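Student: Let me give you the structure first, and then I'll get to my questions.
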Amino acid sequence: MQLSNWEEQVWQDILSCSRQTASSEPHPTLPTSQLDAPRCHTVPGELERMDTLRRSLSRWKRYHIKVHLADEDLMMPLTVRPRDTVMDLRAHLVREGVTSWKKTFYYNSRQLEEHETLKEANIQNGSVLLLVSNKR
């Protein structure tokens, strides 16, 4: 992903600020009121730009998960977004040639609801979901 110039500058400022804060010791001659002040000064509007950058990057976040197909004894890797639902997972599997209808997704011994997002289910990068047939 290519960052624009101001995004790159914001990231550089954040990194230099965090390095400065982590490595600097309090100055012994400064009064305590100045010690409590932030060590990195922000330009007006920079916090809004950083927040915009954080939100825009979260749209591009991807999780690499695996779905264990119990019936076929197969692990299917998928790349998904945190806001994807179980219905979206089913659509991903159909595109891969796996029928997932009349099957149930489980994560951490808990059945996932159809309209539940991956973020709501606390599914993280590298998680493994279990897909089993409904026994009726």
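Quick note: the coordinates plus some simple rules give every number you see, no bench work behind them. What you are looking at is a predicted structure, and each value in this text was computed from that prediction instead of being measured. A quick note on method: Cβ atoms are made from the backbone with ideal geometry, for glycine too, and the neighbour counts reach across all protein chains shown.
Student: What is the gain in length, in nm to one decimal, between Glu46 and Glu120 on full extension, counting 0.36 nm per residue of separation less the C-alpha to C-alpha distance?
Tutor: 23.6 nm
Student: Would you calculate the separation in nanometres between label points at Arg110 and Ala91, each defined as 7 Å from the Cα along the Cα-to-beta-carbon direction?
Tutor: In this crude spin-label approximation the distance works out to 2.4 nm.
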